[in-house]
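Remarks on the structure that follows.
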Ligand SMILES: [Ca+2]
Ligand SMILES: [Ca+2]
């Protein structure tokens, strides 16, 4: 089990999500992580989310880095 309140590091599979652009393939997954609403969006059609937005109870939208190539290389997480 993952720790509660924590989104797994692996890519979001949006295959169970919504098809928002009508091309027949799911591209957007909406889920809940603790008190945050998480919206995962697949942009390039490979079924894995390229953009993940977290919307907190304060309605502030935060973009979460996704392991898919556009994570900031200066991410201080390794320090
Ligand atoms: Ca689609
Ligand atoms: Ca993708």
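Any read-out appearing in this document is the output of simple, stated calculations on the displayed coordinates, not a laboratory observation. Please read all numbers here as calculations on a predicted model, not as lab measurements. Reconstructed Cβ throughout: ideal geometry from the backbone, glycine too, with neighbour counts over all protein chains shown.
Remarks
- Note: relative contact order over segment 14-68, using C-alpha pairs below 8 Å and six or more positions apart, is 24 percent.
- Extension reserve of the residue 65-residue 37 stretch, reckoned as 0.36 nm per residue once the Cα distance is removed: 8.5 nm
- Principal semi-axes in Å for segment 14-68 [√(5λ), Cα gyration tensor, largest first]: 21, 12, 8
- Annotation: peptides 50-62, 28-40, ranked by per-residue average of other Cβ atoms within 10 Å with the highest first, follow the order 28-40, 50-62.
- Separation of the residue 19 and residue 44 label points, Cα + 7 Å toward Cβ, nm: 2.2
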